[in-house]
1. Give me the one-decimal nm value for the distance between modelled label points at Trp256 and Leu289, 7 Å along each residue's Cα-to-Cβ direction.
2. Before rounding to the nearest 500, sum -39500 (n - 2.57) across all DSSP H runs of length at least 4 in the chain and divide by the residue total; then give [θ] at 222 nm in deg cm²/dmol.
3. DSSP H helices in the chain with Cα extent of 20 Å or more along the helix axis and mean Kyte-Doolittle hydropathy at least -0.5?
4. Distances longer than 17 Å among the Cα atoms of segment 122-249: what percent of all pairs is that?
5. Testing the spin-label approximation: label points 7 Å from Cα along Cα→Cβ at Asp102 and Ile448. State their distance in nm.
6. Nearest 0.05, what FRET efficiency do Gln378 and Arg313 give at R0 = 25 Å with Cβ-Cβ as r?
7. Mind listing the long-range amide H neighbours of Arg213? Cut-off is under 5 Å, sequence gap 5 or more, other chains count too, H placed in the peptide plane at 1.01 Å from N.
8. Using label points projected 7 Å from each Cα along Cα→Cβ, tell me how many nm separate Glu246 and Lys322, to one decimal.
Amino acid sequence: MANFFRKSRSDQPKFYATVGEGLKKVYKTKLLPLEEAYDFHEFVSPQLNDPDFDAKPMILLVGQYSTGKTSFIRYLLERDYPGLRIGPEPTTDCFNVVMYGDQEQVIPGNALAVDNKRQFRPLSKFGGAFLNRFQCSTLKNPVLRCVTMIDTPGILSGEKQRVDRGYDFVGVLQWFAERVDRIILLFDANKLDISDEFRRSIHAIHGYEDKVRIVLNKADQVDHHELMRVYGALMWSISKVISVPECPKVFVGSFWDQQLKHDLYRKLFERELQLLFDDLQDLPKYAALRKINDLIKRARMAKIHAYILSSLRKDMPRFFGKGRKKKELIRAMPIMFKRVQEEHMVSASDIPPVELMQEKLAGYDFMKFPHLREKLIQAVDQMLDNDIAELMSIVPQDSEETPISGGAFDDVKDTKSPFGYQKCEGIDLGSGEPEWIVAKERSKWDLIFKELNPVNGKVMGSTAKKEMVKSRLPNPVLAKVWRLADVDKDGALDEDEFALAMHLINVKLDGFDMPDELPDHLIPPSKKHSLYSNTNGNSIPSY
């Protein structure tokens, strides 16, 4: 009976105040015991601490030297930060975390590694050589209130990549890749070669391709003839390195505040900039979901690791020939992996790399590995089935984060000045002007209207259709044009409405989208009085 009540209490749902608090609790009580039992922290990934769950979203910038990583951060912040150095040669020689702080200062890596308020303590395992090449720049910037940025050393090419950095560069990248929210790979339009070190760096983020975005920077430095070739060459190079069927999204532009050398693709660069900033601005909103997703992935990896180590322990002899058997098991590890995959219904993509596992297991005593502990596995399964589902239910409440603001985000997303995206062009052309913008090309459309032989000053749909389909726009688009142009909703177009329809068609042919409702500045002057007031003087909403 006591066991029944004890079980009932444990099965009751636990209500967490926030996703972060819930993740801390379920990790420490359900997943951490399994990780500690099977040395998961030594083999796969260091232990997670409270700052890992409380940390702001992080953006990791990776690329060869002189691709514009540091300039990109400065472009987002719209100001210099402590420790910033920009130049054509490899100037950034360390991992630099740029984060919010009340004081502008540079914190050395050794001090960061002992700070229990930040999430970088596990990096001390990479040794003093790395910590001497690790620092944190803090400054009071509105962008950094929402996100943290990580600048990495320029990846070397040619003879330079033969020089030993003195620490596990790829291992550090892998540690960051597991914890960041976005990984931006920067390429220079003038040098698309992928060096051996860059190739190893990209392989280090395998398994986190969903976080990767690719930026083709300095695209204005090549003319329009070369840009097509450069883009094609980049896609070909990436396909050889990133082994996924769908290539990550590539953003093309020139991400700095200097004059464009070739201005032909200004509209393309503006559109790409908007898409990239949309992607980055949503990081705070989806940070909680990302942490849940990473914990689920970590739990799956921990279970598979437990299956592998317990299987090795099970195959070891009790008394004699342990050394010989260990060597046999390491050699036959691909076969053992296949057996584990079949016995426990594990996906082949979740199995760790054989060569890496063989290398790590060579220094361990298999007899010290524990047998499979079903209770620990069941606790993790319960976490995935119940606790994670409960945390998912409170994500909408907990993720009402404001998008990133300040710095370049305010300027790129500007909607007030004439330099905002698609301001004073397309559907917005003529906004705020005293004259109706459609009237500027009215003469040629009036001639077409008269050739359609209007009846009582109007053309019906069948008559107007013959002229409108000459644009070769799809019927659904022309139907929307008709709905917007038929301001008084009488099923016919008068002279003003026909001119408006032709204007909207030209806007669409220029590559701009149609609005859902007709903006005020496009309403024909002859229609405004009847549109805004009825016979009783009541206001009628515009279409």
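1. A separation of 3.5 nm, rounded to one decimal place.
2. Helix-only estimate at 222 nm: -13000 deg cm²/dmol.
3. 224-241, 287-315, 495-509
4. Result for the distance tail: 65 percent.
5. Distance between the two pseudo-spin positions: 6.5 nm.
6. Here the calculated transfer efficiency is 0.85.
7. Ile183, Ile184, Leu185
8. Simple spin-label model gives 5.0 nm for this pair.
The values are calculated or read from the model by the stated rules, or taken from the named source; none is laboratory data. Everything numeric here is computed off the predicted structure, so don't read it as measured data. Virtual Cβ from ideal backbone geometry, glycine too; neighbours counted across all protein chains shown. We work out accessible area using only protein heavy atoms, side chains counted, and drop any ligands, DNA or RNA first. Shrake-Rupley method; radii C 1.70, N 1.55, O 1.52, S 1.80 Å.
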